[in-house]
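Let me begin by presenting the structure, written as structure tokens, before commenting on it.
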């Protein structure tokens with residue numbers, strides 16, 4: 001999840017009177033393979049993915065159940081994976097170039 005959404009969620013929880021744990025995250029399901037493809041696309045890098053089928057597959061993807069936090073605070077994430085990754089990639093790219101040129 002993008003940091004702006006995480007901060008808004010934390011702020012909403014702090015302002016509520018709810019005292020039990022709540023999930024924050026993205027309810028947008030994404031597999032690790034899809035996440036890798038998205039990062040490769042955003043970075044415009046040539047990457048060849050390799051798979052080792054002799055190893056356990058593990059978790060196929062991730063998403064959060066946001067039903068309770070939405071009911072308690074009205075919060076929902078606003079930033080898609082693509083938007084968040086594009087902003088993050090751009091920021092990292094700028095920081096690396098600033099360091100190289102600075």
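Readers should treat all values here as calculations from the given coordinates under stated rules, not as data from a laboratory. In this text the structure is predicted, and so the values were computed from the model without any measurement. Neighbour counts are summed over all protein chains in view; Cβ atoms, including those assigned to glycine, are modelled from backbone coordinates with ideal geometry.
What number, rounded to the nearest 500 deg cm²/dmol, is the helix-based mean residue ellipticity at 222 nm of the chain, given -39500 (n - 2.57) per DSSP H run of at least four residues and division by all its residues?
Values: 4 runs with 53 residues, N = 102.
So the helix-based figure for the chain works out to -16500 deg cm²/dmol.
For residue 47 and residue 95, what does the FRET efficiency come to when R0 = 25 Å and r is the distance between their Cβ atoms, rounded to the nearest 0.05?
Values: r = 21 Å, r/R0 = 0.85.
That pair, residue 47 with residue 95, gives E of 0.70.
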Specify the inter-centroid distance of the range 32-74 and the range 2-17, based on alpha-carbon positions, in whole Å. 23 Å
Assign one of three labels to the range 27-70, namely rounded, prolate or oblate, based on the Cα gyration tensor with a ≥ b ≥ c the square roots of its eigenvalues; rounded applies when a/c is under 1.5, prolate when it is not and a/b is larger than b/c, and oblate otherwise. oblate
Quick check: pseudo-label points 7 Å beyond the Cα along Cα→Cβ at residue 80 and residue 63, how many nm apart are they? 1.4 nm
Which residues in the range 60-102 place their backbone N less than 19 Å from a point set 7 Å from the Cα of residue 3 along the Cα-to-Cβ direction? 77-100
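Indicate the gyration tensor shape class of the range 4-58 (rounded, prolate or oblate), computed on the Cα atoms with a ≥ b ≥ c the square roots of the eigenvalues: a/c under 1.5 is rounded; otherwise a/b larger than b/c is prolate and the rest oblate.
Numbers: a/c = 5.18, a/b = 2.07, b/c = 2.50.
Since a/c reaches 1.5 but b/c is at least a/b, the shape of the range 4-58 is classed as oblate.
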Grab the Cα-Cα distance for residue 87 and residue 34, subtract it from 0.36 nm times how many residues apart they are, and report the gain in nm with one decimal. 17.3 nm
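Rounded, prolate or oblate: which fits the range 3-101, taking a ≥ b ≥ c as square roots of the Cα gyration tensor eigenvalues, rounded meaning a/c under 1.5, else prolate when a/b beats b/c? Could you put the intermediate results ahead of the total?
Working: a/c = 2.95, a/b = 1.41, b/c = 2.10.
Oblate.
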Measuring from the longest principal axis of the C-alpha atoms of the chain, the long axis of helix 32-43 (C-alpha) lies at a number of degrees, nearest 10, equal to 60 degrees
